[in-house]
1. Tell me the per residue accessible area of the chain using a 1.4 Å probe; a whole number in Å² is fine.
2. State the percentage of accessible surface on the chain attributable to carbon and sulfur atoms; use a 1.4 Å probe and exclude ligands, DNA and RNA.
3. So which trypsin sites (Lys or Arg not before Pro) in segment 71-177 are both in a DSSP loop and have at most 12 other Cβ atoms within 10 Å of their Cβ?
4. Can you tell me which lysines have their Cα less than 30 Å from the Cα of K231? Leave out same-chain residues fewer than eight positions away.
5. Under 19 Å from the Cα of K47, which aspartates and glutamates turn up, not counting those fewer than eight places away in the same chain?
6. In nm, to one decimal, how far is the modelled label at T174 from the one at A60, with both set 7 Å along Cα→Cβ?
7. Taking amide H positions as placed 1.01 Å from N in the peptide plane, with prolines and chain starts having none, which residues 5 or more places from S89, or on another chain, fall under 5 Å of its amide H?
8. What length, rounded to one decimal in nm, is gained on full extension from F188 through to Q121, with 0.36 nm per residue of separation minus their alpha-carbon distance?
Amino acid sequence: MAFEATILTLYPDMFPGPLGHSLSGRALEKGLWGLQTRQIRDYATDKHRSVDDTPAGGGAGMVLRADILARAIDDAATVEDPRPRILMSPRGRPLTQARAHELAEGPGAIIVCGRFEGVDQRVIDSRRLEEISIGDYILSGGEIGAITLLDAVVRLIPGVMGNMHSADTESFETGLLEHPQYTRPQEFEGMTIPEVLTSGNHKKIAEWQRQQAEELTQQRRPDLWDAYTRK
Ligand code: SAH
């Protein structure tokens, strides 16, 4: 079975959005992955179809109700559904290329998009939601996070990227940031392409790229460099 994503959201019209274009869009058309959305509001029970309420203990904003979200999750995923249940959340574990690979190798994902101040803790606990963050900043909702996560995952599904080789040296794949890239024209505003790249000497080219990647990583991401040198 191909990778199947189910998104629980208050804004289903935001999907597939950017995922309907380019690589992921073509792969979606070809059936290399699938995308379904569920409107959380469809699981509300009152006549106003409200999904949120004021936070217990007071404070600003509103919180997505546990009962309504739990019903939406239970309807989207049976207990036997093997797909991981993810909640987009700034408190989650930061998304990494390694997690994207794991997800791409699996059956898909059920992704809950929070809104307002977030979701009631009890639904996170009872439905064992894995919280994933896309970075240390606050978005207004989980949808852009879900699109980001899926974009990172879908391009790793076999057959989605035409030239699989292009993934090998990419930033985070080797533990290093990628070396700089150049293409024609040979001269641009007086700047030329580093000579080694046009030398045809593949060993030298690989050495140069490696050295550049190491320098960049040391300068820009001491955290990655640290992890890399300890490997
Ligand atoms: N009050 C919360 C933020 C709520 S933002 C807090 O301080 O932790 C509303 C929703 O946007 C969240 O429930 C989550 O689904 C989504 N969101 C916001 N920032 C995010 C991030 N960095 N990564 C993933 N999802 C995020």
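1. On a per-residue basis, the chain sits at 59 Å².
2. Numbers: 6940 of 13670 Å².
Carbon-and-sulfur percentage of accessible area, whole number: 51.
3. Answer by residue number: R128.
4. K203, K204
5. D67
6. For the pair T174/A60, the computed spacing is 4.5 nm.
7. For S89, the qualifying residues are I132, S133, I134.
8. 18.6 nm
The values are calculated or read from the model by the stated rules, or taken from the named source; none is laboratory data. Quick caveat, the model's predicted, so the values are computed rather than measured. Note: ideal-geometry Cβ built from the backbone for every residue, glycine included; neighbour counts use all protein chains shown. These accessible areas exclude ligands, DNA and RNA; they are computed on the full protein's heavy atoms, side chains included. Shrake-Rupley method; radii C 1.70, N 1.55, O 1.52, S 1.80 Å.
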